[in-house]
Structures are given as C-alpha cells and as structure tokens.
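Report on the following structure.
The values are calculated or read from the model by the stated rules, or taken from the named source; none is laboratory data. Just so we're clear, the structure is a prediction, and the values are computed from it rather than from any experiment. All Cβ positions, glycine included, derive from the backbone under ideal geometry; neighbour counts span all protein chains shown.
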Amino acid sequence: MLEEALSYATKNRERFLGELQDFLTIPSISTDPEHEADMRAAAEWVSSQLAKIGMQNVQILPTEGHPVVYGEWLGVGDSAPTVMIYGHYDVQPPDPLELWSSPPFQPAVRGDNLYGRGSADMKGQVVACLKAVESMVRNGGLPVNIKWLIEGEEEIGSEHLDSFIQKNKALLGCDFCLNADAGILGEQEPSITTGLRGLAYFELKIHGPNKDLHSGLFGGIVHNPAQALAELIAGMHDSRGKVTLPGFYNKVRKLSRKERENFAGLPLSNKLYRTQTGVSALWGEPGFTAPERLGARPTLEINGLLSGFTGTGSKTVLPAWAMAKISCRLVPDQTVKDTAAQMRAYLKHKAPKDIRWELTYLHGAGAALVSDDSPGVRAMSQAMKTVWGKTPHLLREGGSIGVVEQLQRRLRVDSLLSGFGLPDCDAHSPNEKQHLPTWYRGIETLIRFFYNLG
C-alpha cells in the first residue's frame, strides 16, 4: 500500500500542482472585509476537496468571524491514533503590489518555484496534506484516523478559534495535531519545529492638537505627536537592544545547557541571516546567538508608523496625531496579559503630559513548546530521514501560531509542526513562492509519516 500510494503521488504531480494553482487564485484575505465572499469561496474549495477524497462528516462550521472547515475519516478505530490535520485557508494582503513580478493571485511557475500569495503560507501546505491523504485513500486506505481543522483567521491571530475549540471539544478530540504551518531550514536541511514564540500585537496612537497645524505658526510651542511617538518607541529598547518595558523579562525561562547545545548545532550562521535579509550586520540582545534570539528570547518590534503628510512634495504640517503598530514576540512563560500591562506601565511613566496616548490590543497568541520525543515527532523524523537521507533538525522558531497553544490548553493535545516552505519563500512579502521539488518531497514525506504512525 505504501509503494502504491507513493507511485500514485508521483504520477499525479501535474494535477496536484494544477489544483494548488486553482486554490491560489482565490484572494482569501482575512483582514479585509471586502474579501468576505472570497473567504467563503476558499472555505468551500477546501470542503469540496475533502469530500472529493472521501472524507466524511465534512462541514463548514461558523465562528464569530470566518468559518472553520471540518472533516474526518475514523475507519481504523481505536487500533490506531487519531491525527488532527490543522491548516488555514486565509492569506496575508499582497501589498505592495508593484513589487510583485507576476500578479499575486495569478500563480505562475518560474523555474523550480510556484509564485503566488499563499503558495508557501499556507495553501501549499494544506494541499500537500490533501494530496498525501488522497494518495493513501486511493491505494488501500488510511493507516490512521484523521480529523481536519482548516480555519480562516490564522493571519489575523486566530481570534475566534479558541472559543470554537472550547465549544467543540468532543468533535475535535484526537491524539495529536499535525500542523503543517511551518517550514524546513533548507532544500537539503529537513527540520521539525518543536517550539514557537507567542505574540502580543498593539496599536499605539499619540494625540496632540485637535487638528493638523501650520508648522511655521505653531512649531516650537506645540509638542509634535510624531516627535513624541518617535521618542517613546525609541525608548522601548536600551542601547544594547534589550526591551525596557518594566518586568518584561521577569518570567522568561533560562536556556538549559542542552537547549543551547541544540541551538549551536543548527546550520544557521550569521552570514546566512545577513544573506537572507540583505543587512550588513545583525542586531539584537547581547549574550545570545542569532538562533537563540529568534527561537527562545522575547522581542519588541515596530511594524509600522504613520503620521502627518507622506505624499509627494512638501506640506509644512504639524500633525494632530501619530500612530505605530507594535508587536512583541513572547516565550514561555510570558503572557499576553502581562505584556499589555507592561506596555501600559511604560507609557504611563514615559509619555509626556502634553500629549494623550491610546493603546489598543489587537490580537495575540501564547508561546508553545512540544516534546521532541513524541510518537508524532519520531514518525516524522523517520519519514524525513528516508526521503532526505539525513536526520532532521529539531528547532524552535520565532513565529507564532495561536492554535498550538490553544490545543494544548483546551484539548491537552500537542502539535507536530512540519511544513515544506523554505526560509527564502518570502511569506508575507511580495513574490511569495513555494519551491516545488521540496513540495513534492513533502507529499512523499507525509505519506511515509502516516504509514510510520499506522
């Protein structure tokens, strides 16, 4: 059955790619209300695919936001584990459009890469799971029980997923979750993610005068909100790169010797990061390597700034307000609630009295660590070793996936994080791409993974 499933996947590569391209044409941008119909279309596309490959009890289930797609196949019974396959059908906005080499929702193959928004994050990974399961269903059946949880709000913080999981505990019960919303370290460097940072995302708005003012008539007697904002956010780090919010590091776990040895063994050099980012030198908290700062240390980043006149030419204006988007990446045992309180304490202490500030919490997620010796990790590790010819690396990533912590807390279920995007896939950026040879390897890996479990 295994060899037949692998052969089927190889023979159907062209069709698999075509169906992924169909999925990528749907602009399912969850953050934009104008794409409500596209979100529903993407959910229906996933639902139809599940039904087509023989899944049962396929449903599009409502949440307070975008719907969740559910399906199941429980034919093996208690003799085999039940694996929940998690994914999301929503994508990031494609802006700035002028930087795309081809339209973001008109997927194009150039060389070994498929370009298009969602190709790597994570429609490509959802389709890889669908096609691996299809290959097994068409060739003797599945060796394990499967449930599907495909949501539409991951790119906006999975805001309504936690309550959905809480309300549907019995429906979602499983032994562990396969979460393909991750990647590997390189084309020849397979890896499994065992840790994720959390996220606390804020909008900070500084208010000054009741309207924009003439900078010649009022500059020098009215505190400029843009200047006040710049000073506040500059003060959120000290000269060494450490975050200055009061109590920010109080609950941060210290790295053990074994953890530091694991980080040191990853094929991630400073030169590699400089090449990927185009910077001349790395920056950050002293006393830690770059992989440690990314995977095991908290951060505070300014994600966007807006104030005053930003058009072509000049306009001598003293703006009425200024705004910054700010995200904090969190590690165990930091919490979103604590971080919000620390941010407010900083602003109360540091903000000048002649301006008014407004802090809005937008969304967040908890940090998560999973065992690196679970049955799922062992099954995936063996599958990757067979396909790539080398034992995969175990790593902790800097990104956030809210459902991992939610499943741990609500269902007491750990997640296996393993997708097949590459570090240079440009997820969330123009010209996002999925490396197709790695994607096909990923489908084979998933098939072997399920058979290893069964």
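Residue under question is Gly241, and the condition is that it be in the same structural domain as Met323 (by TED's automatic domain parsing), crowded, with 16+ Cβ neighbours inside 10 Å and either touching a Ser or Thr at 6+ places or on another chain (Cβ under 8 Å) or of a type in the set (Gly, Ala, Ser) (or both); does it hold?
Here the answer is no, as Gly241 does not meet what is asked.
Filter region 81-104 down to residues that are over 20 Å from the mean Cα position of the chain (by Cα), part of a loop (DSSP other than H, G, I, E, B) and surrounded by fewer than 18 Cβ atoms within 10 Å (Cβ to Cβ), then give me how many there are.
3
When you go through (1) farther than 18 Å from Val403 by Cα; (2) touching a Phe, Trp or Tyr at 6+ places or on another chain (Cβ under 7 Å) one by one for Gln49, which number turns out not to apply?
Condition not satisfied by Gln49: (2).
Kindly provide the set of residues from region 24-60 that are touching a Pro at 6+ places or on another chain (Cβ under 9 Å), in contact (Cβ under 8 Å) with a residue 40 or more places away in the chain and not aliphatic (A, V, I, L, M), ordered by number.
Matches in region 24-60: Thr25, Pro27, Thr31, Asp32.
Give all pairs with beta carbons closer than 9 Å in which a residue from region 245-266 that is among the acidic types (Asp, Glu) meets a residue that is surrounded by 11 or more Cβ atoms within 10 Å (Cβ to Cβ); count only pairs at least 6 apart in sequence or on separate chains.
Glu259/Glu292; Glu259/Ala296; Glu259/Arg396
Scan region 106-130 residue by residue and report those that are surrounded by fewer than 23 Cβ atoms within 10 Å (Cβ to Cβ) and of a type in the set (D, E, K, R).
Scanning region 106-130 gives Arg110, Asp112.
Among the numbered criteria (1) within 21 Å of Thr335 (Cα to Cα); (2) modelled with pLDDT under 95, which single criterion is violated by Gly278?
Of (1) within 21 Å of Thr335 (Cα to Cα); (2) modelled with pLDDT under 95, only one is false for Gly278: (1).
Sort out for me the strands (runs of 3 or more DSSP E) sitting completely within region 340-454 that have 2 or more residues that are at pLDDT below 95 and under 20 Å from Ser191 (Cβ atoms).
393-397, 415-417
Which condition from (1) over 25 Å from Gly235 (Cα atoms); (2) touching a strand residue (DSSP E or B) at 6+ places or on another chain (Cβ under 8 Å) is the one that Tyr249 breaks?
With (1) over 25 Å from Gly235 (Cα atoms); (2) touching a strand residue (DSSP E or B) at 6+ places or on another chain (Cβ under 8 Å) applied to Tyr249, the lone miss is (1).
Which residues, counting only those in region 20-47, are acidic (Asp, Glu) and crowded, with 18+ Cβ neighbours inside 10 Å?
Answer for region 20-47, where residues must be acidic (Asp, Glu) and crowded, with 18+ Cβ neighbours inside 10 Å: just Asp38.
Select from region 182-234 the residues that are in the same structural domain as Glu159 (by TED's automatic domain parsing), out of contact with any Leu (no Cβ under 8 Å at 6 or more places or on another chain) and not acidic (Asp, Glu) and list them in ascending order.
If the condition is that a residue be in the same structural domain as Glu159 (by TED's automatic domain parsing), out of contact with any Leu (no Cβ under 8 Å at 6 or more places or on another chain) and not acidic (Asp, Glu), then Gln188, Pro190 are the ones that fit.
Take the residues in region 47-71 that are assigned to a loop (DSSP other than H, G, I, E, B) and of a type in the set (A, V, I, L, M, F, W, C), then tell me which one is nearest to Asp162 (Cα to Cα).
My answer is Met55.
Considering Leu294, Leu272, which residue is closer than 19 Å to Leu330 by Cβ, part of a helix (DSSP H, G or I) and aliphatic (A, V, I, L, M)?
Leu294
Please work out which residue is surrounded by the fewest Cβ atoms within 10 Å (Cβ to Cβ), limiting yourself to region 406-454 and to residues that are under 15 Å from Ile165 (Cα atoms) and touching a helix residue (DSSP H, G or I) at 6+ places or on another chain (Cβ under 9 Å).
By that ranking, first place goes to Arg409.
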